[in-house]
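> Have a look at this one before I ask anything.
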Amino acid sequence: MNNQLVAQTTWQLIWSDEFSGNTLNTNNWSYEFGNGGWGNNEWQYYTNWQQNIEVSNGNLKITARHEGVGATEYTSARIITKGLFDFEYGKVEARMKLPLGQGLWPAFWMLGANIDEVSWPECGEIDIMEHVNNEDLTHGAVHWYNNGHSFVGNSTGVDPTQYHVYGVIWEQNLIRWFVDGVQFYQFTVQASNNSDDAFRHPMFLLLNMAIGGNWPGYPDATTPFPSSMLVDYVRVYQPVILSTNDNDIRPRIAAYPNPTSSLVTLESNFNVEECNVLDMTGRVLQTTVACGQHFQVDLRTFAAGVYLFECLANGQRVVQSIVVE
């Protein structure tokens, strides 16, 4: 077989929440509740009330309010994918817009799925995005156990009141932090400081906005309430290696750009005989035949959402997800 495709690695979307409905998808997320400081002497009480968390206008909206629950003066929300989705290694991104205010602490982060067995910080923590107070900065960090709590991180300048894409690429030996695709920090995972124990196992995702705490300090008369963080989407990718090995009989496909709003290019290590575009219910929306190894599909008329390419190649069917913006 004459394979034309040069061996390469590309990113395949494996999980996402586009927040396109009007309720939180509880197949993806669960709520956490209560106060107690959450290990940082925070002041909020986490709820699932609509005034604290809602999905509308294509965004997840988490709102901090100066409204008490019992002895707690403030409310907010925190959601997690624990028990619903976790993964090991990949690219994680969220497009977010954040509030400013003394004592406000929005965050997008990850914890080890083994937290109930080994506790924190032994489980490992990757902070993809943290913002505190009125800073024109975003922070990225890792926390783990090395004869006690260890942590290290860095920050980069950003206007948090505008939408930005915050992300990490997490590999077996390296974690890298990005804003809008530009790297600003990296951390090497290694046995010499026990970080291999913390960052070489599955992790789950968290989104929350804390109020107060040891790091940001506490709200004052200047803090605006209510204050909201907006999340346009959360997406998780894993690498796909397209092989030119003639002995490799497994078909693979790569689709790019992903996300897209127009033409999508697909490449395969085999000739694709048929490519169907499916919605998430499995309904066929569009079919292309006799595609070859390198072809394009026009998605300009598709509404925003997540779709599937189902390709027939070498007598096998392979599926690749695609996000239309």
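Every number in this text was worked out from the coordinates using simple rules, so none of it is lab data. Not measured: the values here are computed from a predicted model. Note: ideal-geometry Cβ built from the backbone for every residue, glycine included; neighbour counts use all protein chains shown.
> Given H placed on each backbone N at 1.01 Å, which residues far from Trp11 in sequence or on other chains put an amide H within less than 5 Å of it?
Amide H to amide H, under 5 Å and 5 or more residues apart or across chains, Trp11 pairs with Val240.
> How long is the gain from Glu117 to Gln286 if the chain were fully straight, where each residue apart is worth 0.36 nm and the alpha carbon distance is subtracted?
That pair, Glu117 and Gln286, stretches by 56.2 nm at full extension.
> While we're here: What is the distance, in nm, between label points placed 7 Å from the Cα along the Cα-to-Cβ direction at Asn22 and at Asp298?
3.4 nm
> Report the per residue volume, in Å³, of the convex hull enclosing the C-alpha atoms of the range 200-325.
177 Å³
> Can you compute the FRET efficiency between Thr222 and Glu273 using 1/(1 + (r/R0)^6), with r the Cβ-Cβ distance and R0 = 56 Å? Round to the nearest 0.05.
For R0 = 56 Å, the calculated efficiency reads 0.30.
> Another question, if that's okay. Quote the charge dipole size of the chain about the Cα centre in Debye, to the nearest 20; the model charges only the Cβ of Lys and Arg (+1) and of Asp and Glu (-1).
Taking the Cα centre of the chain as origin, the dipole is about 440 debye.
> Which far-off residues, 5 or more places away or on another chain, put their amide H under 5 Å from the one on Val152, with H placed in the peptide plane?
Val142
> Across bins of 5 angstrom width beginning at 0, how are the C-alpha pair distances of the range 282-325 distributed, in whole percent?
5, 17, 33, 26, 14, 5, 1
> Still on this structure, please answer the following. Quickly work out the Arg200-to-Phe151 label distance, labels modelled 7 Å from Cα along the C-beta direction, and quote it in nm with one decimal.
Each label point is offset 7 Å from its Cα along the Cβ direction, giving 2.5 nm.
> Let me ask something else about it. Taking the Cα-to-Cβ direction at Ser261 and at Gln186 and moving 7 Å from each Cα, how far apart do the two end points lie in nm?
Modelled inter-label distance: 3.2 nm.
> Which of the following values of Cα Rg over 2.2 N^0.38 Å was calculated from the structure shown: [x] 1.15; [y] 0.92; [z] 1.08?
[z]
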